[in-house]
């Protein structure tokens, strides 16, 4: 009876190890699928990074939009601002106004061209 009990214990131990190994493999596959599957954690992480990048882009575009709206409002109401823009962008001058132009050396012209 003692030998029979030992054989049963060994068979039970082998079954348990087989079941344990299959369970570990199954859990490994599930964890891999959850981590790297089509809708896994890695995909979720990438989507969150993309969402944050889009939110930052939206924030920058809203700031630029607000700046343009303020500029439009000033152009509609502020005569001095209109004059300054016309002078700066269209090189307009007042009547009897003298414009002094100074020559720039080649190095200064290259730096100015790079800044634009």
GNM flexibility winner over the chain from 96, 78, 105 (Cα, springs under 10 Å): 105
Between helix 41-77 and the chain: long-axis angle, C-alpha atoms, 0 to 90°, nearest 10: 20
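With a 10 Å Cβ neighbour count serving as the proxy for reagent exposure, in which order, fewest first, do 81, 100, 45 appear?
Details: 81 14, 100 4, 45 11.
Final ranking by Cβ density, sparse to dense: 100, 45, 81.
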GNM result for the chain, Cα springs below 10 Å: residue of 31, 98, 82 fluctuating most strongly: 98
Gaussian network model of the chain, Cα within-10 Å springs - most flexible of 51, 101, 88: 101
Tilt relative to the chain, helix 2-36 - C-alpha long axis, 0 to 90 degrees, to 10: 10
Calculated Rg and Dmax of the chain using C-alpha coordinates, Å: 37.6, 125
log10 of Debye I(q)/I(0), alpha-carbon scatterers only, for segment 38-93 at 0.13, 0.30 Å⁻¹: -0.55, -1.05
Tilt relative to the chain, helix 106-115 - C-alpha long axis, 0 to 90 degrees, to 10: 50
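Each reported figure results from applying straightforward, stated rules to the coordinates on display, with no laboratory input. Keep in mind that what you see is a predicted model, and the values were worked out from it rather than measured. Counting neighbours? That spans all protein chains shown, and the Cβs are built from the backbone with ideal geometry, glycine included.
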